[in-house]
Amino acid sequence: MLRLGIDLGGTKIEIAAYDANGRECLRHRVATPQGDYRASIESVARLVENAESELQARGSVGIGMPGAESRNSGLIKNANSTCLIGQPLRHDLEQRLQREVRLTNDANCFALSEAVDGAAAGAEVVFGVILGTGCGGGIVVRGQVLTGTNAISGEWGHNPLPWPTDAERPGPACYCGKHGCNETWLSGPGLARDHHAHSGQTLTADAIASIANQNDPACQASLARYEDRLARGLANVINLLDPDVIVLGGGLSNIQRLYDNVPRLWSRYVFSDHVATRLVAPMHGDSSGVRGAAWLWNTA
C-alpha cells in the first residue's frame, strides 16, 4: 500500500511517499501560497497527483498542519497559518482528491513518527515537543495519536510557564491573548527576546547556541535560563502525563546540551522521588512531520 504524507507548513508544503515496508519512494516540496487558502488546497492536490503519476500508484493521504480541526464545527482553529482558520480543510481536500483524508496537528505527526519507529520506538506513552518558531506538542499512547475531546491534547505551549520568578511575571504577551505562555519563553523567538532583554544583543536562537559553545558569558547565561524554563515546562508535562519518553523536535532540538542539562534540572520540579522519563533527540529530524502524516494510516 502506498502511503502519502504531507506537511502543510507556513512556508512550504512537502510530500513524501512510503511503500508497505516504510521505505521512502519520493519526496517533493513547494512554497506555500501565502495567505491563499484555495491556492493551498490546489498545491496539495497537485503534489498528490504528481506523486501518484510518478509512482504509477494511488495512495492514502495523511496531512499534518499547524492547527487543529474543531470537533464541533469541523473547521480549522488555532492555526499559525491564519488563512486556514475557519476553513473546512478536510472536507475541501476530500472533495478535491475524491478520497478520505486523515488530518491532524503537525506536532502529533512528529510524535507519531518518533513513537512508531523513531527515537521513542516501543515506548507506551510518548510526548513529542516542537521547539521552533512556536512551541507545540503531541501525545502518542500505544502507537495511537491522542487527539482529545477538544482536539487540543498536547498543547502545552499555551499553558503558563510554571513556577515563575517575580522577574518572569506577568511574562511576554502571546498571540493567543494571554501573557507568559510557555511558547513566549521556549520558542526560538522567545529565547532571542530573552537574550536581547538581558544583553542588548540581537541574535537568533541558533546564533545564541553557537556562540555559547565558544564560552560567551551572555549566551551561556541565556541558555542556562532557557534550560531551567524548559525543565519547568516539561516537569509540568511529566506531572500530568508521566510519559516514558519526551522527544524534542524543531530547530532548538539541535542544542545538544539540553539532553544532559534539562533532565538534571527537572528533578527538582517533578513530584516523584525518581524521574525515569527519558529526554531524547529525534531520529528522523525534519522528516518526522511528513512521515508521521503518512503513518496516520497505520492506525484504525
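The values are calculated or read from the model by the stated rules, or taken from the named source; none is laboratory data. Predicted model only: the values in this text are computed from it and were never measured. Neighbour counts are summed over all protein chains in view; Cβ atoms, including those assigned to glycine, are modelled from backbone coordinates with ideal geometry.
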> Residues that are modelled with pLDDT of 95 or more, touching a strand residue (DSSP E or B) at 6+ places or on another chain (Cβ under 7 Å) and surrounded by fewer than 18 Cβ atoms within 10 Å (Cβ to Cβ): which strands (runs of 3 or more DSSP E) entirely in region 1-105 hold 3 or more of them?
Replying inline: 24-31
> For region 83-112, how many residues meet the condition of being touching a residue at least 40 places away in the same chain (Cβ under 8 Å) and β-branched (V, I, T)?
Replying inline: 2
> If F110 passes every condition in (1) of a type in the set (F, W, Y); (2) in a helix (DSSP H, G or I); (3) under 19 Å from D242 (Cβ atoms) but one, which one does it miss?
Replying inline: (3)
>> Taking the conditions exactly as written (more than 24 Å from D286 (Cβ to Cβ) and either surrounded by fewer than 24 Cβ atoms within 10 Å (Cβ to Cβ) or among the polar types (S, T, N, Q) (or both)), does A121 satisfy them or not?
In response: no
> Is it true that some residue in region 173-184 is in contact (Cβ under 8 Å) with a residue 24 or more places away in the chain and either closer than 24 Å to S288 by Cα or part of a helix (DSSP H, G or I) (or both)?
Replying inline: yes
> Yes or no: S73 free of Cβ contacts under 8 Å to residues at least 60 places away in the same chain and not assigned by TED's automatic domain parsing to the domain that holds N236?
Replying inline: yes
